[in-house]
Amino acid sequence: MDLCFRVRQKSQAVLSVWLALTLGGALRAADGPPQYTGPGSCSSTSCHGGVQARNETTVLQNEYSTWVVQDKHTRSFVALSNDVGRRMGRILKLEPEKSSRCTVCHALDITPAQRASTFDRNDGVGCENCHGPSSPWLGDHTTRGWNYEKSVAAGLYDTRDLIRRSEKCLSCHLGDGQKYVDHEMIAAGHPDLYFEQASFEAVMPRHWKETKDKDPWIDVRTMATGQAVQLRENMRRIQRDTGRFWPEYAELDCFACHHSLTAPKDSWRQERGYTGRRAGNPPWNPSRYAVFQLVLNEVDRAGAQQMDTEVKRVMELVSDITADKAQIARAAGAAADVADGLAKRLVSAQIDKAMAIRLMKSIAADSDRIAWQGERTAEQAAMAIDSLYIANGSPGNESQIRPAINGLFQLLQNPSAYQPDAFVRQMKNVETLLP
């Protein structure tokens, strides 16, 4: 284990216990807003700072250790001062480490009144970014007889709720009313945002126990619900953008414009044509719907038809540079409402092994439609296939199917070099290996 981590953990252990048992209660009782105490308040080996996961307790008790050693979120604030971050600052005429435009996602952008004496913004994206300010429940949640529900009632953010979990992740990985990555930021060097709930959870890596004893297919439910919430939030973002600045090119398919030029005879985009839009108009990015469409066909056929009608209307309007902004906002709002209702249904939908396998096969079988919609859509399909395969317990053919799935991701490494026909061939290869 990293020496710096061990030293840090040891020095914080006594402090975190004292915070949990004493300061937490004092902060809760004090006047003013709830306070953020920082990840160190969770780092005791008797709390969440253990080295090995424990199965005899309701939590793993090594959550802090997993976060500080393996989770990329710990490096989110530091990223603002690397070469790309500094260059973005010059272009955008701001200081990334101080501007709330950056720190709102790369750190905890909170007021001085919300900061406990132990809070350190350099910790990046830590425990309280997702779980909320800990002062109202920090002390009490270590006491005998306390449970998760009591913590939620006291202010803990309920990440066990799949919709709320996806909302929390997407608040940065897609954006909300206060957080956004627009075309200006992308042009300055910020990566284009993409997301798939189950895949992103798997590579964090997870530092929590899923309730597989209660729901063996929680991973599939997470993927399906995440797809619904992602589309809903995308529609809400379009709705907001029409009132802020339109057209907002971050809502469109980046690689429709940003790709290597080829001779016309070699252009798969021109070969595909421009169905549903005028040639030259940049299209809406369909990646946040392509897989969700297939999920709905498995779970809710009536809902799938309604969702398809609403999304097609948004797609037509967003891909028309002459469309009325108010009309776009109304269409996006209607689509968001439908997606919201479907997300709530998916949380309790009946899911079993047969459905999970059918969904994998339906994604693989639809590779032609998916691949020709572009690199981002193909990426969503690859992540969904991977998540479903893992959720199925990697059933059979591991030595063959794992390299085949990995091959999908290899075709997506360079967006300008993306070739739909190659992706289709690889996905057909995956399809033949599925159980």
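The values are calculated or read from the model by the stated rules, or taken from the named source; none is laboratory data. As the structure is a prediction and not an experimental result, all values here were calculated from the model. Quick reminder, even Gly has a Cβ in these numbers, built from the backbone with ideal geometry, and neighbours come from all protein chains shown. Only protein heavy atoms, including side chains, enter the accessible area calculation; ligands, DNA and RNA are left aside. Shrake-Rupley method; radii C 1.70, N 1.55, O 1.52, S 1.80 Å.
Couple of notes before you dig in:
- Length released on extending from Asp213 to Ser260, taking residue separation times 0.36 nm less the Cα-Cα span: 12.0 nm
- Spin-label model, Thr143/Glu316: points 7 Å from Cα along the beta carbon direction are separated by 6.0 nm.
- The distance between label points at Arg164 and Gln70 comes to 2.6 nm (points 7 Å beyond Cα on the Cα→Cβ vector).
- With Cα atoms defining each centre, segment 307-349 and segment 39-113 are spaced 34 Å apart in the structure.
- Stretchable slack from Gln419 to Lys179, in nm (0.36 nm times residue separation minus alpha-carbon distance): 83.1 nm
- Values of log10 I(q)/I(0), in the order q = 0.11 Å⁻¹, for segment 87-150 under a Debye, Cα-only, solvent-free model: -0.37
- Note on Lys179: lysines with a C-alpha under 26 Å away, same-chain residues under 8 apart excluded, are Lys72, Lys93, Lys98, Lys168, Lys325, Lys344.
- To the nearest ten degrees, helix 325-347 and the longest principal axis of the Cα atoms of the chain are 60 degrees apart.
- Length gained on full extension, Ser399 to Lys344, computed as 0.36 nm times the residue gap minus the Cα-Cα distance: 16.1 nm.
- Between 0 and 90°, nearest 10: helix 287-299 axis offset from the chain longest Cα axis: 90 degrees
- 0 to 90° range, to nearest 10: angle between helix 162-173 axis and the chain longest Cα axis: 80 degrees
- Accessible-area order (highest first, 1.4 angstrom probe) of the listed residues Lys428, Lys93: Lys93, Lys428
- A simple spin-label model places the labels of Ser46 and Ala302 5.6 nm from each other, with each point 7 Å out along Cα-to-Cβ.
- Using the Cβ-Cβ distance between Arg54 and Lys150 with R0 = 35 Å, the FRET efficiency computed as 1/(1 + (r/R0)^6) comes to roughly 0.95.
- Once the Cβ-Cβ distance of Met204 and Ala326 is raised to the sixth power relative to R0 = 45 Å, the FRET efficiency obtained is 0.70.
- Geometric extent, Cα atoms of the chain - Rg, Dmax (angstrom): 22.9, 72
- Over the C-alpha atoms of segment 87-213, the Rg to Rh ratio, Rh being the Kirkwood estimate, stands at 1.01.
- With protein chains left intact and a 1.4 Å probe, residues in the chain average 48 Å² of accessible area per residue.
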